[in-house]
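Asks: Quick one: the structure is below, and I'll ask about it shortly.
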Amino acid sequence: MSLKPIWIYLENGTYVEAKSFGFCGTKVGEIVFNTSMSGYQEIMSDPSYAGQFVVFTMPEIGIVGTNEDDMESKTIHASGMLVRSFNEKPSNFRSTNTLSEFLNTHESLGICDIDTRYLTKMIRDNGPKMMIASTEVSDKDELKKILDNTPRIEEINYIKKVSTTQTYTHTNAAWDDVNLKYKKASQILGKKIIAIDFGVKRNILNELSEVGLEVEVVPYSFDADQLIERYKKQEISGVFLSNGPGDPLILKDEAIKIKKLIDFKVPMFAICLGHQLLSIAHDYPTYKLKFGQHGGNHPVKNQNSNVVEITAQNHNYNVPDSICSIAKVTHINLFDNTIEGLEYIDEPIFSVQHHPEASPGPHDSKYIFEEFAKRL
């Protein structure tokens with residue numbers, strides 16, 4: 001295929017020309033880097049990346065192509081991807097489309113022939129930046145003007161764009177490596193949970209089903225009073241708060257509704273954004289990390305077992321250390337000693353910042369889903 005020129009401008013004044021292998025157009029977003037060695041399709045279709053450009057530190061991208069089974073949602077939510085070297089011809093028996101076809105179908109930018117080491121070091125040293133990339137506009141001043149007049153990521157409520165609009169029951173369980181398909185949900189525990197969709201990954205729902213739970217997924221605009229009534233009537237056994245994109249402090253209404261569930265002592269488990277919203281609902285505001293944690297190789301220490309788990313991470317925000325006054329810290333990130341897991345004192349609520357479903361990534365933390373099921 002013939003690569004087209006694409007121009008990139010960052011809010012710190014960085015201006016470069018690279019090559020485009022995906023959708024042609026103009027996109028704005030926050031640039032972050034991800035250190036995962038595999039799973040670029042899962043990353044790009046993860047709703048938590050809405051409004052972001054992903055720099056892949058793995059230099060060779062595109063090798064395994066793409067396929068429908070590896071989608072974490074219905075579409076790509078990231079603004080685009082930046083890679084050192086794009087491989088046009090996939091070499092994988094499961095591949096049904098090239099990465100370029102995948103990006104074009106879902107209208108996401110693909111940028112290659114760019115120094116991803118330089119970009120990664122810049123983000124690491126100075127934090128994520130707002131960025132614009134365009135195959136249509138090459139003038140630096142015009143790119144700057146568009147970027148300056150576009151809302152920043154922390155000003156946009158992305159969960160309205162990524163959450164389901166209709167309630168549904170999730171029917172798949174975990175991936176079967178032998179038969180190469182997803183197992184069907186068994187619901188063997190006879191317990192139903194509500195999964196509140198702030199941008200949930202399919203494999204999180206799969207893992208909840210895998211441990212025997214019936215999973216009913218509801219939109220972000222859930223009715224807390226209705227869920228409490230259903231819990232009182234024993235129609236549901238608990239609530240799961242999902243991952244999702246953007247700054248959690250924007251989600252004031254959601255935090256108020258979660259506070260109602262907390263006050264009624266509804267059993268809850270949360271991952272990533274849900275973990276952060278629980279902190280906010282307890283009146284402990286989150287803060288933004290210097291450059292976030294995005295990758296599949298982050299060591300986390302389980303404080304209860306003293307076991308180090310290698311985990312998958314994807315977040316720019318974290319809960320404050322002061323929350324230790326109302327919650328027990330169950331997991332610690334060994335890269336920077338930030339809080340990775342909490343169990344709230346005298347409340348049937350626990351949460352983790354990392355992704356125990358690890359798609360992509362290691363499976364050291366999958367036991368957390370079983371722990372949730374046991375507590376219901």
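Asks: Do me a favour and compute the ellipsoid semi-axes for segment 159-375 from its Cα gyration tensor, root of five times each eigenvalue, largest one first, whole Å. Let's see the in-between values first.
Replies: Values: eigenvalues 111, 95, 53 Å².
Taking √(5λ) for each Cα gyration eigenvalue gives 24, 22, 16 Å.
Asks: On a C-alpha basis, how far is the centre of segment 226-242 from the centre of segment 272-315 in Å? Whole number, if you could?
Replies: Computed from Cα coordinates, the inter-centre distance equals 25 Å.
Asks: Which entries in LYS160/LYS252; LYS74/LYS288; LYS74/LYS374; LYS161/LYS192; LYS74/LYS259 show an alpha-carbon gap greater than 19 Å?
Replies: Exceeds cut-off: LYS74/LYS288; LYS74/LYS374; LYS161/LYS192; LYS74/LYS259.
Asks: For the chain, modelled as a GNM with alpha-carbon contacts under 10 angstrom, which of ILE326, ILE196, ILE153 fluctuates the most?
Replies: Residue with maximal mean-square fluctuation among ILE326, ILE196, ILE153: ILE326.
Asks: Pick out which of ILE258, ILE188, ILE332 has the largest mean-square fluctuation in a Gaussian network model of the chain, springs linking Cα atoms closer than 10 Å.
Replies: ILE188
Asks: What residue among GLY199, PRO5, SER209 has its Cα farthest toward the positive end of the dipole of the chain, where the charges are +1 on Lys, Arg and -1 on Asp, Glu, each on the Cβ?
Replies: In the chain, that residue is SER209.
Asks: Taking H as built 1.01 Å from N, whose amide H comes closer than 5 Å to the amide H of GLU11, not counting residues under 5 places away?
Replies: Here MET130 satisfy the definition.
Asks: So what's the back-of-envelope 222 nm ellipticity for the chain, counting only DSSP H runs of four-plus at -39500 (n - 2.57) apiece and dividing by all residues, rounded to 500? The partial results should precede the final answer.
Replies: Working: 10 runs with 84 residues, N = 376.
It lands at -6000 deg cm²/dmol.
Asks: I would also like to ask the following. Any idea what log10 I(q)/I(0) is at q = 0.19, 0.21, 0.24, 0.27 Å⁻¹ for segment 1-76, Debye with uniform C-alpha scatterers and no solvent?
Replies: For the requested q values the scattering log ratios are -1.00, -1.22, -1.46, -1.51.
Asks: Using a simple charge model, +1 on the beta-carbon of Lys and Arg, -1 on the beta-carbon of Asp and Glu, nothing else, what dipole does segment 4-154 show about its Cα centre, in debye to the nearest 20? Walk me through the numbers on the way to the answer.
Replies: Details: 15 positive and 22 negative charges, 62 e Å.
I would put it at about 300 debye.
Asks: Taking the Cα centre of segment 264-344 as origin, work out the dipole magnitude from +1 charges on Lys and Arg Cβ and -1 charges on Asp and Glu Cβ, in debye rounded to 20. Intermediate values should be presented prior to the final figure.
Replies: On the way: 5 positive and 6 negative charges, 13 e Å.
Dipole magnitude for segment 264-344 comes out near 60 debye.
Asks: Determine, for TRP7, TRP175, the number of other Cβ atoms within 10 Å of each Cβ, and report the residues in order from fewest to most.
Replies: Values: TRP7 22, TRP175 16.
In increasing order of surrounding Cβ atoms, one gets TRP175, TRP7.
Asks: Taking 8 Å as the Cα distance limit and 6 or more residues as the minimum spacing, I'd like the relative contact order of the chain as a percentage.
Replies: 15
Asks: Got a sec? Charge dipole of the chain, +1 on Cβ for Lys and Arg, -1 for Asp and Glu; which of HIS106, ALA50, ILE228 is way out at the positive end?
Replies: ILE228
Asks: Distance between the C-alpha centers of segment 63-80 and segment 122-158? Whole Å please.
Replies: 23
Asks: Amide H to amide H, which residues 5 or more places from GLU340 or on other chains are under 5 Å from it, using H placed in the peptide plane?
Replies: It is HIS331, ILE332, ASN333, by chain and number.
Asks: Restricting everything to alpha-carbon atoms, can you work out Rg to Rh for segment 208-269 with a Kirkwood hydrodynamic radius? It would help to have the intermediate numbers written out before the result.
Replies: Numbers: Rg = 12.2 Å, Rh = 12.7 Å.
Radius of gyration over Kirkwood radius for segment 208-269 works out to 0.96.
Asks: Sticking with this structure for a sec: Which of ARG117, ARG230 has the fewest other C-beta atoms within 10 Å, and how do the rest follow up to the most? Mind dumping the intermediate values first?
Replies: Numbers: ARG117 13, ARG230 18.
By the 10 Å Cβ count, ascending: ARG117, ARG230.
Asks: State to the nearest 20 debye the size of the charge dipole of the chain about its Cα centre, where the only charges are +1 on K and R beta carbons and -1 on D and E beta carbons.
Replies: Details: 39 positive and 50 negative charges, 38 e Å.
In debye, rounded to 20, the chain gives about 180.
Asks: Next up: Starting from the Cα of HIS363, move 7 Å in the Cα-to-Cβ direction to define the label point; list residues of segment 306-341 whose amide nitrogen is under 17 Å from there.
Replies: 309-312
Asks: To continue, here is another question. Could you give the semi-axes, largest first, of the ellipsoid that matches segment 4-154, computed as the square roots of 5 times the alpha carbon gyration tensor eigenvalues and rounded to whole Å?
Replies: Working: eigenvalues 117, 45, 44 Å².
So the equivalent ellipsoid measures 24, 15, 15 Å along its semi-axes.
Asks: Going Cα to Cα from LYS328, which aspartates and glutamates come in below 17 Å? Please leave out same-chain ones fewer than 8 positions away.
Replies: ASP283, GLU340, GLU343, ASP346, GLU347, GLU371
Asks: Same structure, new question: If you rank ASP46, ASP115 by fewest surrounding Cβ atoms within 10 Å, what's the result? Spell out each step's value before the answer.
Replies: On the way: ASP46 32, ASP115 13.
Lowest to highest Cβ neighbour count: ASP115, ASP46.
Asks: For the chain, treating each Cα as an identical point scatterer without solvent, what Debye log10 I(q)/I(0) comes out at q = 0.08, 0.10 1/Å?
Replies: -0.39, -0.62
Asks: Can you list the HN-Hα couplings for segment 175-180, worked out from phi with the Karplus curve (6.51, -1.76, 1.60; θ = phi - 60°), rounded to whole Hz and with x for Gly and Pro?
Replies: Result, ordered by residue: 6, 9, 5, 7, 8, 6 Hz.
Only the coordinates and a few stated rules stand behind these numbers; no lab work does. Worth saying up front: this structure is predicted, and the values here are computed from it rather than measured. Using ideal geometry, Cβ is built from the backbone for each residue, glycine included, and neighbour counts are taken over all protein chains shown.
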